[in-house]
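Read the structure below first, then the notes.
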Amino acid sequence: FKEKGQIEFITFHQSYSYEDFVEGIKPIPPKEDENQSEEMVFRTQPGVFKRICDEAIIENFLEDYSGKKFYRIALGRKNENPTERLKYCYEKNIIGLGYSGYKTNLSSFKNEKEIKENANVDPTGYKMLNYLVNGMKDGDVVFVTEGQNIVAICEINGNYSFSENPDEIMIGYEHQRSVTWIKKDINLSVKKLFSYKTVPGNSLSPIIFEKKDVVSNFVLIIDEINRGNISKIFGELITLIEDDKRLGKENEMTVTLPYSKQAFGVPANLHIVGTMNTADRSIALMDMALRRRFNFEEMMPRYDVLEGIKVEKDGKEIIISELLKKINERIEFLYDRDHTIGHAYFIKLKDKKPADQYKELCSIFANKIIPLLQEYFYEDWEKIQIVLGDHESQQNKKEKEYKMVLCDEKSETDVIGFKHPEIDDKRKIYSLNDNLKKGEISPDAFTKIYE
């Protein structure tokens with residue numbers, strides 16, 4: 001789906017901006033732009049959101065224009081600055097085509113043969129000129145391409161004309177058709193959107209669409225959506241993502257983008273999925289605009305995903321789903337349900353060889369689960385022990401063999417050397433069992449949590 005351009009995945013962070021998400025003026029190094037000189041230039045570039053919106057809109061566009069005749073046209077070679085020529089075509093609502101052998105008005109020639117026979121010099125390009133003069137009809141759709149990218153879309157709305165005194169940028173492109181611009185300043189891969197082939201030609205060719213998979217829905221997945229500055233990132237587009245404000249809906253809305261100055265709306269076939277961790281303390285900073293515009297679906301730990309994962313050690317079997325379920329029951333009781341531990345930590349056990357599973361399980365607890373519990377309970381080790389079944393009420397265990405979190409009582413005289421009147425006589429000192437880190441702890445350290 002990603003190769004087809006249907007899915008984009010991004011992560012919000014504090015420095016993520018409108019220019020990254022929607023559009024902005026970005027530097028284009030000379031080596032990355034085949035149409036420019038040796039100097040770096042700055043151009044309006046679409047961000048990930050605008051790019052996937054454009055792709056979704058064009059998909060709808062192709063469905064809406066089914067039955068139409070399509071063409072592709074290039075407005076110049078690499079060294080001819082086709083981008084500036086395209087801007088001129090925007091202003092004049094035209095497209096142009098030109099060959100050195102045809103410096104005359106071709107409106108009187110009715111077919112390809114007549115155009116070929118009336119070339120001023122050695123004829124080249126008569127097929128393309130015939131498409132422009134006699135082939136294109138009002139309502140036909142034209143994709144303007146640069147290389148393998150679509151940069152604009154227009155619709156033919158007038159007859160062929162010949163410019164006797166063209167502006168400098170259009171010299172060599174005197175053969176023209178009037179158009180209505182449907183989509184400007186886009187940058188979409190042809191291969192991403194649809195399969196097609198062109199009739200043999202160069203600058204202008206009819207398009208034959210080949211059978212392709214039906215593409216209707218597009219998805220933008222935003223991870224850590226609550227970590228970005230929503231007002232800064234979405235800007236005026238926060239209104240457009242509402243269901244009824246989408247293109248084609250009852251309260252359809254568009255805005256004029258500040259950089260490209262083009263009208264923009266969000267298509268209905270783009271789905272936006274935001275993910276975040278409810279245990280994240282920055283959740284309080286969630287922009288209320290998101291709360292009003294998104295449906296919130298809770299994703300609690302799924303124990304069924306862990307069904308069948310069992311780790312064996314010394315003839316004992318550790319049932320991972322039961323282990324996690326009991327840990328989460330205790331966390332929910334001692335803290336809250338938003339801080340329960342997800343099943344993802346244990347998924348990797350599925351892919352481990354049986355001989356390596358137990359060591360991996362020990363590593364998960366030593367390096368992930370217990371540090372997470374330390375964060376949750378603010379170093380309250382007694383509660384951590386309760387969650388892990390290591391609390392003092394279980395007197396039948398040898399600490400080094402069965403406890404993940406060890407507790408050692410020391411008196412002030414042991415540590416300081418004398419009794420201080422303002423210090424309690426005894427203190428509990430907690431530590432992580434070294435045997436857990438080494439993967440040598442008894443399997444009962446895990447089974448006693450849920451048995």
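The values are calculated or read from the model by the stated rules, or taken from the named source; none is laboratory data. A quick note: this is a predicted structure, and the numbers were derived from the prediction, not measured. Backbone-built Cβ (ideal geometry, glycine too); neighbour counts: all protein chains shown. Remember, those area values only see protein heavy atoms, side chains included, never the ligands or the DNA or RNA. Shrake-Rupley method; radii C 1.70, N 1.55, O 1.52, S 1.80 Å.
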> Put +1 on the Cβ of each Lys and Arg and -1 on the Cβ of each Asp and Glu in region 309-446; which of G417, L361, L436 then has its Cα farthest toward the positive end of the dipole?
Replying inline: L361
> Over the C-alpha atoms of region 256-396, what are the Rg and the largest Cα-to-Cα span, Dmax, in Å?
Replying inline: 20.8, 75
> Which of the residue pairs K137/K261; K92/K183; K313/K383; K4/K50 have a Cα-Cα distance greater than 24 Å in the structure shown?
Replying inline: K137/K261; K313/K383
> For the pair E242 and R330, what calculated FRET efficiency results from E = 1/(1 + (r/R0)^6), where r is the Cβ-Cβ distance and R0 = 45 Å, to the nearest 0.05?
Replying inline: 0.65
> If you roll a 1.4 Å probe over the chain with all protein chains in place, what percent of the accessible area is carbon or sulfur?
Replying inline: 47
> Rounded to the nearest whole Å², what accessible area per residue is found for the chain with the 1.4 Å probe?
Replying inline: 54
>> Testing the spin-label approximation: label points 7 Å from Cα along Cα→Cβ at N118 and D304. State their distance in nm.
In response: 7.4
>> Which GluC sites (Glu not before Pro) in region 289-364 sit in a loop by DSSP (not H, G, I, E or B) and have at most 16 other Cβ atoms within 10 Å of their own Cβ?
In response: E297, E298, E307
> On full extension of the chain, what length is gained from T278 through S411, given 0.36 nm per residue of separation minus the C-alpha to C-alpha distance?
Replying inline: 43.8 nm
> Helix 82-92 versus the longest principal axis of the chain: what angle, 0 to 90°, nearest 10, using Cα atoms?
Replying inline: 70
>> Give me the one-decimal Kirkwood hydrodynamic radius in Å for the chain, with the sum taken over alpha-carbon pairs.
In response: 27.8
>> Please compute the contact order of the chain in relative form: average sequence separation of alpha-carbon pairs under 8 Å and at least six residues apart, divided by the residue count, as a percent.
In response: 13
